[in-house]
Amino acid sequence: MATKAKQMKAEGIDVVSFAAGEPDFDTPNKIVQAAKAALDAGKTRYTPTPGTLELREAVAAKYLRENKLEYKPSETMVSTGAKQCVYNAVQVLVDEGDEVLIPAPFWMTYEAQVDLAGGKSVIVPSSLSDGFVPDLDRLAGAVTPRTRAIMLNTPCNPTGAAIPTEVLKQIGALAVKHDLWIISDEIYEHLTYGHDHVSIAALSPAIKERTVTITGCSKSFAMTGWRIGFIAGPLDVIKCMTDLQDQVTSGATTFSQSGAVEALRLDVSEIEGMRATFEKRRDLIVSLLKAIPDVEVFNPLGAFYVFPDVSAYLGTKFKDDVQLADWLLEEAKVATVPGGVFYGPGHLRLSYATSEADIKKGVERLADALAKIPR
Ligand SMILES: Cc1ncc(COP(=O)(O)O)c(C=O)c1O
């Protein structure tokens with residue numbers, strides 16, 4: 001949908017896009033300058049596959065400072081975006097026929113990556129009325145002798161949910177009991193509203209030894225195009241992932257790694273402006289969506305997505321959210337992503353990584369368009 005919206009914009013059509021999966025801010029200048037300096041200094045050759053020592057030291061310090069997780073630099077690695085971190089983890093931890101529990105709605109890449117490893121995704125639904133928090137009984141009920149791992153994403157794309165610490169503890173206990181790996185994707189860790197981010201691996205040594213924690217630069221520092229992700233976990237897993245990455249992409253881009261070192265050195269206050277702007281936009285978009293009749297909205301606790309339930313508008317003119325999202329783009333010139341692609345049917349995902357003016361204009365168009373649908 002994002003690509004389609006961009007194409008329409010290029011054709012001169014006035015589209016409001018809520019489809020973006022990336023911050024609309026520029027990368028902070030200090031980070032850009034660090035990468036430029038690296039280029040000027042001739043840092044244009046290969047780095048070690050798991051990343052430069054300088055960056056891995058900064059990553060280990062970051063995990064200790066922000067995630068309360070103690071890792072040696074050798075227990076961390078750098079990949080080409082958090083996406084490759086997830087890929088490495090799934091390839092190394094999941095064998096042919098293994099089952100991976102994935103709480104839904106979820107970022108669709110997880111299922112594709114489990115498929116690529118020959119595994120089987122076992123999708124465990126949650127709902128807006130539960131605040132999109134994974135349901136422990138359902139998770140426990142989905143465990144079989146073939147279950148190998150649980151995939152977690154907090155804060156979550158597409159729902160904006162954040163898993164409460166108590167639930168993280170219970171999920172951790174479930175993993176310990178059944179000897180499961182936890183792949184914890186925490187790429188939105190800095191974008192939280194009204195609470196501090198908690199890493200599941202920090203909750204007990206027994207959880208830590210079976211968890212890989214994935215973070216990165218893309219969302220927190222507006223660095224999506226730099227392609228830098230981080231992963232921390234047990235040394236043997238890091239070694240296997242390094243061997244894999246060695247045959248796939250080698251080390252991440254050298255001068256991007258220099259920029260990432262600078263990103264991790266920035267005082268959190270330097271990215272606070274972006275977080276605060278997202279929070280303001282969240283408040284705005286949630287209040288506007290709540291004013292639309294029969295649209296149910298969960299107030300996101302993190303990331304930059306809102307995932308309203310529009311099922312009241314389905315079943316008459318439109319069969320499902322995919323048809324609705326297509327029509328909204330064609331007729332109302334508003335780009336959203338249908339919830340079905342995230343295993344959240346009946347919902348739309350709206351990214352508020354866009355200006356307040358666009359949020360107002362886009363939600364107004366959405367409301368006008370929905371008003372034309374018989375219920
Ligand atoms: C939940 C989640 N994990 C990982 C990523 C990928 O991050 P990166 O750009 O660092 O590969 C995304 C991007 O949309 C995401 O939403």
query = How much area per residue is accessible in region 1-130 when the probe is 1.4 Å and only protein heavy atoms are counted (Å²)?
reply = 48 Å²
request  = Give the peptides 208-220, 288-300, 41-53, 86-98 in descending order of average Cβ contacts within 10 Å, highest first.
outcome  = 208-220, 86-98, 288-300, 41-53
message = Can you give the FRET efficiency to the nearest 0.05 for LYS239 and ASP326, using r as the Cβ-Cβ distance and R₀ = 41 Å?
response = 0.35
Accessible area in the full protein assembly, largest first, 1.4 Å probe, for VAL143, VAL176 = VAL176, VAL143
inquiry  = List the lysines whose Cα sits under 29 Å from the Cα of LYS239, skipping any in the same chain fewer than 8 residues away.
reply    = LYS43, LYS62, LYS68, LYS72, LYS83, LYS120, LYS169, LYS177, LYS208, LYS219
ask   = Full extension from TYR46 to HIS178: what is 0.36 nm times the residue separation minus their Cα-Cα distance, to one decimal in nm?
value = 43.5 nm
ask   = Ratio of region 248-361's C-alpha Rg to 2.2 N^0.38 Å, to two decimals?
value = 1.36
ask   = Mind checking which aspartates and glutamates have their C-alpha under 18 Å from LYS317, skipping anything on the same chain fewer than 8 residues away?
value = ASP294, ASP309, ASP326, GLU330, GLU331, ASP368
inquiry  = Compute the helix-to-body angle for 29-40: its Cα long axis versus the longest principal axis of the chain, expressed 0 to 90° and rounded to tens.
reply    = 50 degrees
Theoretical ellipticity at 222 nm over the chain - DSSP helices of four or more residues, -39500 (n - 2.57) apiece, nearest 500 = -12500 deg cm²/dmol
Rounded percent of accessible protein surface that carbon and sulfur make up, region 120-180, 1.4 Å probe = 52 percent
ask   = When the Cα centres of region 280-306 and region 86-148 are compared, how far apart do they sit, in Å?
value = 27 Å
query = If one computes P(r) from the Cα atoms of region 1-119, what percent of pairs lie at distances over 25 Å?
reply = 51 percent
key: Between 0 and 90°, nearest 10: helix 356-370 axis offset from the chain longest Cα axis   = 50 degrees
task = Quick one: pull the percent of accessible area on region 31-101 belonging to carbon and sulfur, 1.4 Å probe, ligands and nucleic acids left out.
result = 53 percent
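The values are calculated or read from the model by the stated rules, or taken from the named source; none is laboratory data. None of these values were measured; they are calculated from a predicted model. Glycine also receives a Cβ, built like all others from the backbone with ideal geometry; neighbour counts cover every protein chain displayed. Remember, those area values only see protein heavy atoms, side chains included, never the ligands or the DNA or RNA. Shrake-Rupley method; radii C 1.70, N 1.55, O 1.52, S 1.80 Å.
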